[in-house]
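Asker: To start, I am sharing the structure in question, which I have written as structure tokens.
The values are calculated or read from the model by the stated rules, or taken from the named source; none is laboratory data. A quick note: this is a predicted structure, and the numbers were derived from the prediction, not measured. Positions of Cβ are backbone-derived with ideal geometry, glycine not excepted, and every protein chain shown enters the neighbour counts.
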Amino acid sequence: MDTVEKKFRGRHLLKISDLTADEIMGLLNTAYKFKDVSEREIKKVPTLRGKTIVSLFYEASTRTRTSFEIAGKRLSADVINISTSSSSVTKGETFKDTVLNIAAMKPDAIVVRHPSPGAPAYAARIAGCSVINGGDGANAHPTQALLDLMTIHEKKGGVEDLKVAIVGDILHSRVARSNINALKMFGAEVTVCAPPTLLPHGVGALGVKVTHNIHEAVADKDVVMMLRIQTERMQQGLFPSLREYSEHFCLSAKVLKSARPDVLIMHPGPINRGVEIASDVADGPYSLILSQVTHGVAMRMAVLYLLCGGAES
Amino acid sequence: MSETILIKNGRVIDPSRGVDGVQDVLVKDGAVAAMGKDLAATGAKIIEAKGLVVSPGFIDLHVHLREPGFEYKETIATGSMAAAAGGFTAVCCMANTKPVNDNASVTRFILEKAAAVNGARVYPIGAITKGLKGEELAEIGEMKKAGVVALSDDGRCVMDARVLRHAMDYAAMFGLTIVEHCEDEHLVKGGVMNEGETSARLGIKGMPAIAENVIARRDIDIAAYLKRPVHIAHISTRGAVESVRAAKAAGTAVTCEAAPHHFTITEKNLESFDANYKMNPPLRTEDDLAAVKEGLRDGTIDCIATDHAPHAKWEKELEIDHAPYGIVGLETALGLSMQLVRDGVFGLPRLVELLSTNPARIFGLPGGMLKEGAVADICIFDPEKKWTVDPAEFVSAGKNTPFAGWELSGKNCLTIVGGRIVYNPSNL
């Protein structure tokens, strides 16, 4: 473990490609160890005592923010949450100034979620401490991809040669982009499925197979990841109605029949029951949705532990 | 005060007459008094220009001087002096100030400010529509009388084709050319960078090339139908370049300009998420860049214009979605354009044509040539001079450039406007 820790201390985690496959395996192994902590009666270890972690969220978030907070607290770090629903511009203080002010209070890590792609990368350049990308626009959400990888890895024992489908709003999804990068790094074959209006122009650059047919997407897949569809996209004229969307892209029990018998169903949440995923599928035996959430805490513990220099304790 | 200046032994280029050779140029009373070998003039200030190029002063058809309204970004004074530093003897400033230059009083204000500056000439461009809203025609006749040299809603496209049609027709009565910012605003809404493989990977909101292409085609069609001229600002896509090429072949009075950044760097730079790479039109692909170069070479693109767009440092440090579009260009234009000469895309005479002769012709401005009797708007530049771009040294108040730290070859040494030396840092 020592070498793994040395590699990570003081670094940023902005995107999957910041990491090598070995480093990701190091994170996974660390996360497995921390998963046990959450199963104990006393869910706390002293590892990051005296460390300060600030989570700076410019977007609504339940899972990610809570997950980082719990992760930090279970490691005995002091965790401070700053939420602002509006962008820094309308708030009056620029993003740069906010980051510099937080940095001046000498935290050990700042978790940044921001609707603008690249904002965490900018924070990383000026903060003087580790910056963790908690999701930036449609760019990246590396800890989500890592916890998804852990979830798949735990069930399948590996990722290589697995066939994975990602279904939903690929265009606006940082989860899709980070997952594609992570899965491909470990040799999975990724298919994306969405109406053409919810795929980025130039999707070929992502190195994935593309289909607009959910039956085709799901057929023979080891893993099916569903993405949330936001009603806002309907107002942007990207599809006509949620009803029509779900008719074509909802993961129902019927659609699922063509998948492999040991298929894993995943979803980063929050789920819209009956829109992109049928209720019985979300709650069904193949669903790992809540397991992803559990792994989220373990993986974020691993990330915080390794970046914040837990090795010293 | 206008003085008598004798420029000795420079390589004098005047593309308007096919002149390219070593000779002397005598400047007197604000005009070129004589040209030829071994000129002499008693009492004249002698400028030794051996190894340097003596060119008609550059003319930039597209700058944003930010005054009135955004003086914290740039003023007419700093912009005019920055232009002179870059070898420009005249700049045409866009109307998207605050208030908008959509009436004669703003036009007069700009000219009044410009008259007090000992830098490049400043020619205001009037708005096509009131408030740049694209709805009602601005008071074009009044502005013409006050001194505008062209019309543009630049920064915004005139989305209503009917409004543009009437603007072209109405402006023709005053001999004013419409300059169009070709961009379908519905197609680019909220966009930050060129739409394509890079934006797909980065998850940055895209501005597709078709947004420029479709409006360029529309405008060319309207111009052809009305038999009126149209000038396409900051052309950046292969599609638009090809449309202009075809339109010129068909005899349509279309002209266009390209900005140095569009023939120098591509969308790939957005991987850094640095807002100094955010401009409108956005940086495009290698293929578009090649098309712009080819257009500059074969005459499809008439001139180089900088789209000089100064912003405060803090504005470019905002999140990439919120940072404003644009970069400064006046002081890097020559160095970046000289790269095309070094790459063999075209020779020095064509460069001078693109930076001076053609822009003068397009808006019907004085300058753009060096001959006896012509206005003495001249720049003397060293085509080989190596220098490193340091925004802190810019004369412009705007330091927002993606070219900081670049080593360029080719720098302006001296600028003469109306027979007066306005820029001469190394005291030639």
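Asker: Within region B:189-229, count every residue that is at the interface with another protein chain (Cβ under 10 Å from one of its Cβ atoms) and part of a loop (DSSP other than H, G, I, E, B).
Answerer: The qualifying residues number 9.
Asker: Sticking with this structure for a sec: Would you mind stating whether residue A:130 is crowded, with 24+ Cβ neighbours inside 10 Å, within 14 Å of chain B (Cβ to nearest Cβ) and either touching a residue at least 60 places away in the same chain (Cβ under 8 Å) or among the polar types (S, T, N, Q) (or both)?
Answerer: no
Asker: Sticking with this structure for a sec: Let me confirm something: among B:284, B:297, which residue is modelled with pLDDT of 95 or more and either in contact with a strand residue (DSSP E or B) (Cβ under 6 Å, 6 or more places away or on another chain) or part of a strand (DSSP E or B) (or both)?
Answerer: Step by step, each of B:284, B:297 is checked, and only B:284 is modelled with pLDDT of 95 or more and either in contact with a strand residue (DSSP E or B) (Cβ under 6 Å, 6 or more places away or on another chain) or part of a strand (DSSP E or B) (or both).
Asker: Among residues belonging to region B:255-282 that are within 14 Å of another protein chain (Cβ to nearest Cβ) and among the aromatic types (Phe, Trp, Tyr), point out the one that is surrounded by the most Cβ atoms within 10 Å (Cβ to Cβ).
Answerer: Among residues in region B:255-282 that are within 14 Å of another protein chain (Cβ to nearest Cβ) and among the aromatic types (Phe, Trp, Tyr), the one surrounded by the most Cβ atoms within 10 Å (Cβ to Cβ) is B:273.
Asker: Provide a single number: the residues in region A:166-193 that are within 13 Å of chain B (Cβ to nearest Cβ) and part of a loop (DSSP other than H, G, I, E, B).
Answerer: Here the count works out to 5.
Asker: Taking region B:103-130 as the region of interest, how many residues are small (Gly, Ala, Ser), outside any strand (DSSP E or B) and either crowded, with 24+ Cβ neighbours inside 10 Å or not assigned by TED's automatic domain parsing to the domain that holds residue B:85 (or both)?
Answerer: So the count comes out to 3.
Asker: In region A:251-269, which residues are among the hydrophobic types (A, V, I, L, M, F, W, C) and under 22 Å from residue A:63 (Cβ atoms)?
Answerer: A:251, A:264, A:265, A:266
Asker: Something else about it: Here is a list: B:306, B:252. Which entry is in a loop (DSSP other than H, G, I, E, B), away from chain A (no Cβ under 14 Å), polar (S, T, N, Q) and touching a Leu at 6+ places or on another chain (Cβ under 7 Å)?
Answerer: That would be B:306, the only listed residue that is in a loop (DSSP other than H, G, I, E, B), away from chain A (no Cβ under 14 Å), polar (S, T, N, Q) and touching a Leu at 6+ places or on another chain (Cβ under 7 Å).
Asker: Taking region B:131-154 only, how many residues are assigned to a loop (DSSP other than H, G, I, E, B), under 22 Å from the mean Cα position of the chain (by Cα) and buried (at least 18 other Cβ atoms within 10 Å of the Cβ)?
Answerer: Residues that pass the stated criteria total 4.
Asker: Does at least one position in region B:304-325 carry a residue that is touching a His at 6+ places or on another chain (Cβ under 6 Å) and hydrophobic (A, V, I, L, M, F, W, C)?
Answerer: Taking every residue of region B:304-325 in turn, at least one turns out to be touching a His at 6+ places or on another chain (Cβ under 6 Å) and hydrophobic (A, V, I, L, M, F, W, C).
Asker: Test of understanding: among A:191, A:197, which residue is among the hydroxyl-bearing types (Ser, Thr, Tyr), exposed (fewer than 15 other Cβ atoms within 10 Å of the Cβ) and at pLDDT 95 or above?
Answerer: That would be A:197, the only listed residue that is among the hydroxyl-bearing types (Ser, Thr, Tyr), exposed (fewer than 15 other Cβ atoms within 10 Å of the Cβ) and at pLDDT 95 or above.
Asker: Could you run through region B:129-149 and say how many residues are in contact with a Gly (Cβ under 8 Å, 6 or more places away or on another chain) and under 14 Å from residue B:97 (Cα atoms)?
Answerer: Residues flagged as in contact with a Gly (Cβ under 8 Å, 6 or more places away or on another chain) and under 14 Å from residue B:97 (Cα atoms) within region B:129-149 amount to 1.
Asker: When you go through A:60, A:103 one by one, which is the residue that is without any contact (Cβ under 8 Å) to a residue 40 or more places away in the chain and part of a loop (DSSP other than H, G, I, E, B)?
Answerer: Being without any contact (Cβ under 8 Å) to a residue 40 or more places away in the chain and part of a loop (DSSP other than H, G, I, E, B) holds for just one of A:60, A:103, which is A:60.
Asker: Let me ask something else. Within region B:332-356, work out how many residues are in contact (Cβ under 8 Å) with a residue 60 or more places away in the chain, of a type in the set (A, V, I, L, M) and either touching a Phe, Trp or Tyr at 6+ places or on another chain (Cβ under 8 Å) or assigned to a loop (DSSP other than H, G, I, E, B) (or both).
Answerer: 5
Asker: Hey, another quick one. Just to be sure before I move on: is residue B:44 modelled with pLDDT of 95 or more and under 17 Å from the mean Cα position of the chain (by Cα) in the structure I sent?
Answerer: In short, no.
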